[in-house]
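Worksheet: one structure, shown below.
The values are calculated or read from the model by the stated rules, or taken from the named source; none is laboratory data. If you're wondering where the values come from, they're calculated on a predicted model, not measured in any experiment. A quick note on method: Cβ atoms are made from the backbone with ideal geometry, for glycine too, and the neighbour counts reach across all protein chains shown.
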Amino acid sequence: MIPIEDVKSKYGTEIAVVLLCCRLHFNTEKLPTLQQYIDTCEINWDDVIYLSKYHRIEPVVYKILSKADLPAGFASRVKQSQFFLVQNNFKQALETERIIELLETRNIECTPYKGVAFSRQFYGDIISRESSDIDLVISHKDFSKVLELMTADGYIFENKIEYSYFKEKIFTRNNSLNFDKFKGDAREFHIEFHWRITENFVKVHNEAHRQLFNISDKIILAKREVNALNANAHYITLFIHHSNHDGFRVLKNIVDLCQILPSNNNDIDTDHIKNAFKNLRLVKAAAVCCYLSSELLGLNLPLFRVNNNSLIPEKVKAFFMERLLRKRSYRDTALDNLDNRSQLYLKDSLSEKIAFILAGFKQRTTPSPEDLQTLKLNRNLYFLYPAIKSFRLLTKGIDKKHIKNKNHHSS
């Protein structure tokens, strides 16, 4: 485990505080260590809040900080933030239950995924993990009925332009279609209906997506019992999302995956998960995850052979450590979509890397929602999109709307 003083000297005091809180969450550090650090270091508490939000681990960080002796003003902010996060998660859970009941009226099978469902299964409650949106698994064959029900319920279909353009092809291209409900000018709920773990261009093993339909558990969200993914399947799908989709870009990715250790779920079968990783070509991703978990949190995940770092070149280790510990902006996160090194580093073979690069190129030559809305080209002029998109990128860069959306849609 990397010494916290090394983290402080290389990356800053504030990320060291955040990392200490994560370690206390897993009992690999003790509260007196954190308290001594708070008492002896000059800490920019605004940066601690920013980093907690950026890394999407506010509930974990604030829960630990609330046990420490903090400056009075900051302690009040932590308490207020905790209250807001708890209130938001319960609100998300209640809306999840309501939407499931709504879909049941049309005999649509719907299963909660990620969000408060993963929190319940792996954290033991629905308040210890940040949930900014609601993720539900459906069969894409039911989507027309879902669209009818959701719009009648007051939700706005976010992908209307894409859906009308791509039609049925969207179900092999996208991994989800999304809806928003507003209260005044503020978005109250964002719901994503999934049938795949990742978009097609990420090139995940086709068998992986079947894990979303491995439904064998029951959980209570806020008030009622609902169907849930099998715990092993839920872990595998989240691992694929956090690795192949997110590229281990925030500490939440690692903290989530380390919840396999303290989980009280007796249905967790680590041998089954390791075999699935091998069959789904996730061996290198598992090795990187185990390395990061050990270095950052002092945890040895039972997902890979102990101390087997031969699959991980030093430049890859350095890349992911920098990505997780160096202070980054939300714009940096958006630019990650142009720099796909993380996904390439996690592929098991050269052929998978080539397939990913080719698919990524094809993805960039496909019209985005912004292209379709702004340009409205005839299909006969489809070939113009690559040049137009390159020109727009050079002249406008990554727009604020794109950055905002990428931040909200990483649950």
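Table: residues versus (1) part of a helix (DSSP H, G or I); (2) closer than 21 Å to residue 134 by Cβ; (3) of a type in the set (D, E, K, R).
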position: 32; (1), (2), (3): yes, no, no
position: 42; (1), (2), (3): no, no, yes
position: 80; (1), (2), (3): yes, no, no
position: 108; (1), (2), (3): no, yes, no
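Could you go through segment 15-27 and let me know if any residue there is small (Gly, Ala, Ser), more than 30 Å from residue 110 (Cβ to Cβ) and not in a helix (DSSP H, G or I).
No.
Just need a number here: residues in segment 82-135 that are of a type outside the set (Asp, Glu), closer than 22 Å to residue 186 by Cα and either touching a Phe, Trp or Tyr at 6+ places or on another chain (Cβ under 8 Å) or in the same structural domain as residue 26 (by TED's automatic domain parsing) (or both).
The qualifying residues number 4.
So which residues in segment 1-15 are over 17 Å from residue 53 (Cβ atoms) and of a type in the set (A, V, I, L, M), if there are any at all?
Once the filter is applied, which keeps residues that are over 17 Å from residue 53 (Cβ atoms) and of a type in the set (A, V, I, L, M), segment 1-15 yields 1, 2, 4, 7.
Could you list, in sequence order, all residues of segment 27-40 that are within 12 Å of residue 13 (Cα to Cα) and exposed (fewer than 13 other Cβ atoms within 10 Å of the Cβ)?
If the condition is that a residue be within 12 Å of residue 13 (Cα to Cα) and exposed (fewer than 13 other Cβ atoms within 10 Å of the Cβ), then 40 is the only one that fits.
Looking at segment 132-143, can you tell me whether even one residue there is at pLDDT below 95, under 30 Å from residue 254 (Cα atoms), surrounded by fewer than 16 Cβ atoms within 10 Å (Cβ to Cβ) and of a type in the set (Ser, Thr, Tyr)?
Taking every residue of segment 132-143 in turn, at least one turns out to be at pLDDT below 95, under 30 Å from residue 254 (Cα atoms), surrounded by fewer than 16 Cβ atoms within 10 Å (Cβ to Cβ) and of a type in the set (Ser, Thr, Tyr).
Taking the stated definitions as given, is residue 67 under 20 Å from residue 259 (Cβ atoms), surrounded by fewer than 19 Cβ atoms within 10 Å (Cβ to Cβ), among the basic types (Lys, Arg) and touching a residue at least 60 places away in the same chain (Cβ under 8 Å)? I'd like the intermediate steps shown before the answer.
Values: under 20 Å from residue 259 (Cβ atoms): yes; surrounded by fewer than 19 Cβ atoms within 10 Å (Cβ to Cβ): yes; among the basic types (Lys, Arg): yes; touching a residue at least 60 places away in the same chain (Cβ under 8 Å): no.
Considered against the rule, which asks whether it is under 20 Å from residue 259 (Cβ atoms), surrounded by fewer than 19 Cβ atoms within 10 Å (Cβ to Cβ), among the basic types (Lys, Arg) and touching a residue at least 60 places away in the same chain (Cβ under 8 Å), residue 67 comes out as no.
Residue 91 passes all but one of (1) on the phi < 0 side of the Ramachandran plot; (2) in contact (Cβ under 8 Å) with a residue 24 or more places away in the chain; which number fails?
With respect to (1) on the phi < 0 side of the Ramachandran plot; (2) in contact (Cβ under 8 Å) with a residue 24 or more places away in the chain, residue 91 is out only on (2).
Just give me the residues in segment 183-215 being in contact with a strand residue (DSSP E or B) (Cβ under 8 Å, 6 or more places away or on another chain) and polar (S, T, N, Q), in sequence order. Before you say what the answer is, go through the steps one by one.
If we filter segment 183-215 for residues that are in contact with a strand residue (DSSP E or B) (Cβ under 8 Å, 6 or more places away or on another chain), which is where we start, we get 187-196, 211-215.
Passing the criteria: 211, 214.
Looking at (1) closer than 20 Å to residue 369 by Cα; (2) of a type in the set (Gly, Ala, Ser); (3) part of a loop (DSSP other than H, G, I, E, B), find the lone condition where residue 154 falls short.
Every listed condition holds for residue 154 apart from (1).
Quick one: in segment 250-273, which of the residues that are of a type in the set (D, E, K, R) and crowded, with 21+ Cβ neighbours inside 10 Å is nearest to residue 55 (Cα to Cα)?
So the residue we want is 252.
Would a scan of segment 246-255 turn up a residue that is in the same structural domain as residue 199 (by TED's automatic domain parsing), among the hydrophobic types (A, V, I, L, M, F, W, C) and touching a Ser or Thr at 6+ places or on another chain (Cβ under 7 Å)?
Checking segment 246-255: at least one residue is in the same structural domain as residue 199 (by TED's automatic domain parsing), among the hydrophobic types (A, V, I, L, M, F, W, C) and touching a Ser or Thr at 6+ places or on another chain (Cβ under 7 Å).
Filter segment 163-200 down to the residues that are of a type in the set (S, T, N, Q) and either surrounded by 20 or more Cβ atoms within 10 Å (Cβ to Cβ) or closer than 28 Å to residue 233 by Cβ (or both) and list them by number.
Answer for segment 163-200, where residues must be of a type in the set (S, T, N, Q) and either surrounded by 20 or more Cβ atoms within 10 Å (Cβ to Cβ) or closer than 28 Å to residue 233 by Cβ (or both): 172, 174, 175, 176, 178, 198, 200.
Determine if segment 144-157 includes at least one residue that is aromatic (Phe, Trp, Tyr) and either on the phi > 0 side of the Ramachandran plot or modelled with pLDDT under 95 (or both).
no
Looking at (1) under 17 Å from residue 18 (Cβ atoms); (2) surrounded by fewer than 16 Cβ atoms within 10 Å (Cβ to Cβ), can you tell me which one residue 78 breaks?
(2)
Would you pick out the residues in segment 274-293 that are surrounded by 19 or more Cβ atoms within 10 Å (Cβ to Cβ) and polar (S, T, N, Q)?
293
Right, residue 116: farther than 20 Å from residue 253 by Cβ and either modelled with pLDDT of 95 or more or assigned to a helix (DSSP H, G or I) (or both) or not?
No; evaluated as a whole, the condition is false for this residue.
Kindly evaluate residue 218 against the criterion of being buried (at least 20 other Cβ atoms within 10 Å of the Cβ) and of a type in the set (D, E, K, R).
no
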